[in-house]
Structures are given as C-alpha cells and as structure tokens.
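Enquirer: One structure, pasted below without further comment.
The values are calculated or read from the model by the stated rules, or taken from the named source; none is laboratory data. This one's a predicted model, so the numbers in the text were calculated from it and none came from an experiment. As a convention, Cβ positions derive from the backbone with ideal geometry for all residues, glycine included, and neighbour counts pool all protein chains shown.
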Amino acid sequence: MKLRDRRVAITGAAGFIGSHVADVLAGSCDLVLIDNLSSGKKGNLAGALKKGRAKFVREDLLGGKLPSLLKGTEVVLHFAANPDVRSSADDPNPTFEENIVATFRLLEASRKAGVKGFVLASTSTVYGEAARVPTPEEYGPLMPISMYGASKLTCEALAASYAHTYGMESVVFRFANVVGGRSRHGVVWDLVQKLKRNPKKLEIIGREPGTSKSYVHIDDAVRGILAGADRASGPQDVYNVGSYDAISVKEIAETIVREMELSDVAFTWTGGVAGGGWKGDVKRMILDTAKLRMTGWRPKFTSAEAVAQAARDGLSSFIKR
C-alpha cells in the first residue's frame, strides 16, 4: 500500500501521531486533514498546510459528513481515538463511542467512497499481559485487560472484516508507548507537568519501581508506518512498532529529572492496583519488531533515549510559550 503520490485522508490529523505523519506526507500527497479539535491543535498542522497540497476539515467522526469528505480519497489513515486508558475503567462509554463506533462509521464511509486502503493505529495493549515477551504479531489468544485495549482489538477486527468483505486493503500498526513533541498525555507528559509545578516533589502512580514497558520515539514510529505500509500485503497486515528494550516508571522519572536538571527531588508512590498503576495497566511489555525490521526499518532510539528526547521536546515547547 503506497502512501506517497496519492490522495490521503488522515483522521486525528491535528493530534500527536497524525500531525507528525501529515508533516512527512505533505508535499507528496493530496491530504485531507480531519480532526474535531477536542484534543488536537490546528497549530500542529501549520507546517503541513503551508506545503499547499493539504486542506484541514474540522469534523467529528461521529457526525454525518464523512462520505462526502472522503470522495476521491484513495487511502485513509485512522489516528483519531480516545487514548485515555485510565479513565476508560471508570466510564467505558467514551472509549466505545470514540474508538469502536467512530471506526465503524469511518470504515462504512470509506466503503461508500470507494477507498482502497485503510491504515489503523492500534496498540500493544491488545496483547494484555502476554506470556511471551518480546511479543510477536502472531501471539494469541489476544486478551486485553483494559477497555482501551479491547476497543482497539475490536477496531482491528472491523478493519479485517471490511478488508475481506469489500476488498479494502488494511494495515494495522500496534504501537508501544509513543513519545515525543506534541504529545499531551502519558507518563512522560504527566511527570514533566508535575515537576514544572513542584520541582522538589514528584508523585508517581503505582508501586516502586513501577511497570516496565517499551517506549518508541515519534520519529521512529512515523518511519515505521511508512515502511510497513509500503511493504504490506493484504487483505490485512499487522506490524508491531516499538524499541528493542523497556524502561521502568522509576527510570523514566529519573531520566526526566536529569533532563530538567533538577536535584533532591523526592519521589512518592500512590500504590497502584495489583502491580500496575491503575486497572487495566499492563505490567510488562516489549514488542517483537522483527517483522517490521524485515522492511529495513530500525528504531534509532532506545526506550531510555526516546523518553529523554521526549522530555526535551516537552520542555522546549514549554519554553516557547
């Protein structure tokens, strides 16, 4: 599924991953950038919009204009989602509506518009507490332990059914924790914000040393999307995207403290739930990326390096304000 030199629609385009993908594709594709701006920022698309082959449309995927918006589109890149794993345990309805229902509506609109390719951003959480780590794409059975993971696995199944039933080529990317500039959620963002407010005390969710997971920098993630899409073979192909290793929450906190050049910071831990920070929090995760590496892709950052760079990215954007 080639992405360049095609008419491409990106959902969640003003968000974290979507805006970075838009930056890379702008100039080589005709882009329709779709976002309801509930969490994304149109300013994230300034660079892409300047290149002249992109237009922005403020639209909610739960609205009714999708078929007309996708007219003439060849490939849809679907990054719009409710990514809040923690809140979904308290109220699963937003996750159901914004992930599952929105994806179904987008797939149906794509079918009606004659879209040929569909790229879905999924997550490592579809594996749940995997018995095999690093975890390959063929691992099973898939048993997510969070509503977010369950919603993304459902979206994968919907995409597969449309691919097989309607001849729409589908590519799924299961991401480790993606970090970097423009991110506004996740542990790196949360800890940086807390330390800005109080540089002497840091409350950390969970029990020391916290969970151990793989982190991938946004630059590596975007390169992975392009590499995997170019090599994908239908009806549906699945790729893991992550770094080679993992980092604990305590190590993340220590890395951020170093990057902020702080000293004598007191860590306090909330206790967490059954070894994780909250209900549905996977304790250990590393993805086997051998399949994606067969395309020639390699992550440039380790988990620790990705976290350090993400902290610098966050501090840079804070200073610019």
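Enquirer: Looking at THR135, THR123, THR103, THR154 in this structure, which one is touching a Pro at 6+ places or on another chain (Cβ under 9 Å) and under 22 Å from ALA229 (Cα atoms)? Walk me through how you get there before you give the answer.
Expert: Working: THR135 fails: touching a Pro at 6+ places or on another chain (Cβ under 9 Å); THR103 fails: touching a Pro at 6+ places or on another chain (Cβ under 9 Å); THR154 fails: touching a Pro at 6+ places or on another chain (Cβ under 9 Å).
Being touching a Pro at 6+ places or on another chain (Cβ under 9 Å) and under 22 Å from ALA229 (Cα atoms) holds for just one of THR135, THR123, THR103, THR154, which is THR123.
Enquirer: Got a number for residues in region 264-294 being acidic (Asp, Glu) and surrounded by fewer than 16 Cβ atoms within 10 Å (Cβ to Cβ)?
Expert: Residues meeting the conditions: 1.
Enquirer: On to the next question. Being hydrophobic (A, V, I, L, M, F, W, C), surrounded by fewer than 15 Cβ atoms within 10 Å (Cβ to Cβ) and in a helix (DSSP H, G or I) is the filter here, so list the residues in region 42-97 that pass it. Spell out the reasoning first.
Expert: Filtering region 42-97 for residues hydrophobic (A, V, I, L, M, F, W, C) gives 45-46, 48-49, 54, 56-57, 61-62, 66, 69-70, 75-77, 79-81, 85, 89, 96.
Filter once more, so that each one left must be surrounded by fewer than 15 Cβ atoms within 10 Å (Cβ to Cβ): 46, 57, 62.
Correct list: ALA46 only.
Enquirer: If I filter region 56-105 down to residues being of a type in the set (Phe, Trp, Tyr) and touching a strand residue (DSSP E or B) at 6+ places or on another chain (Cβ under 6 Å), which single residue comes out as nearest to TRP278 (Cα to Cα)?
Expert: If we take residues in region 56-105 being of a type in the set (Phe, Trp, Tyr) and touching a strand residue (DSSP E or B) at 6+ places or on another chain (Cβ under 6 Å), then PHE79 is nearest to TRP278 (Cα to Cα).
Enquirer: Next up: Which one of VAL133, VAL119 is touching a strand residue (DSSP E or B) at 6+ places or on another chain (Cβ under 8 Å), surrounded by fewer than 24 Cβ atoms within 10 Å (Cβ to Cβ), outside any helix (DSSP H, G or I) and not charged (D, E, K, R)?
Expert: Of the residues listed, the single one that is touching a strand residue (DSSP E or B) at 6+ places or on another chain (Cβ under 8 Å), surrounded by fewer than 24 Cβ atoms within 10 Å (Cβ to Cβ), outside any helix (DSSP H, G or I) and not charged (D, E, K, R) is VAL133.
Enquirer: Moving to a separate point now. Which of the residues belonging to region 163-178 are closer than 16 Å to ALA304 by Cα and not in a loop (DSSP other than H, G, I, E, B)?
Expert: Those that are closer than 16 Å to ALA304 by Cα and not in a loop (DSSP other than H, G, I, E, B): ASN177, VAL178.
Enquirer: Okay, moving on. Only one residue in ALA308, ALA274 is at pLDDT 95 or above and either of a type in the set (Gly, Ala, Ser) or within 21 Å of ILE218 (Cα to Cα) (or both). Which one?
Expert: ALA308
Enquirer: Out of the residues in region 105-160 that are closer than 22 Å to ASP60 by Cα and aromatic (Phe, Trp, Tyr), state the one that is modelled with the lowest pLDDT.
Expert: The residue in question is TYR148.
Enquirer: If you don't mind, another one. Determine which member of the set GLY18, GLY12 is on the phi > 0 side of the Ramachandran plot, modelled with pLDDT of 95 or more and not hydrophobic (A, V, I, L, M, F, W, C).
Expert: GLY12
Enquirer: Sticking with this one: Would you check which residues across region 21-39 are at pLDDT below 95 and within 17 Å of the chain's Cα centre (by Cα) and list them?
Expert: SER38, SER39
Enquirer: Here's something else I'd like to know. Is there a residue in region 161-170 that is modelled with pLDDT of 95 or more, out of contact with any Gly (no Cβ under 9 Å at 6 or more places or on another chain) and buried (at least 18 other Cβ atoms within 10 Å of the Cβ)?
Expert: Yes, that holds for at least one residue.
Enquirer: Then there's this: Is it the case that VAL273 is without any contact (Cβ under 8 Å) to a residue 40 or more places away in the chain and hydrophobic (A, V, I, L, M, F, W, C)?
Expert: On the way: without any contact (Cβ under 8 Å) to a residue 40 or more places away in the chain: yes; hydrophobic (A, V, I, L, M, F, W, C): yes.
Here the answer is yes, as VAL273 does meet what is asked.
Enquirer: What number of residues within region 24-40 satisfy the criterion of being free of Cβ contacts under 8 Å to residues at least 60 places away in the same chain and either assigned to a loop (DSSP other than H, G, I, E, B) or surrounded by fewer than 17 Cβ atoms within 10 Å (Cβ to Cβ) (or both)?
Expert: Matching residues across region 24-40 total 6.
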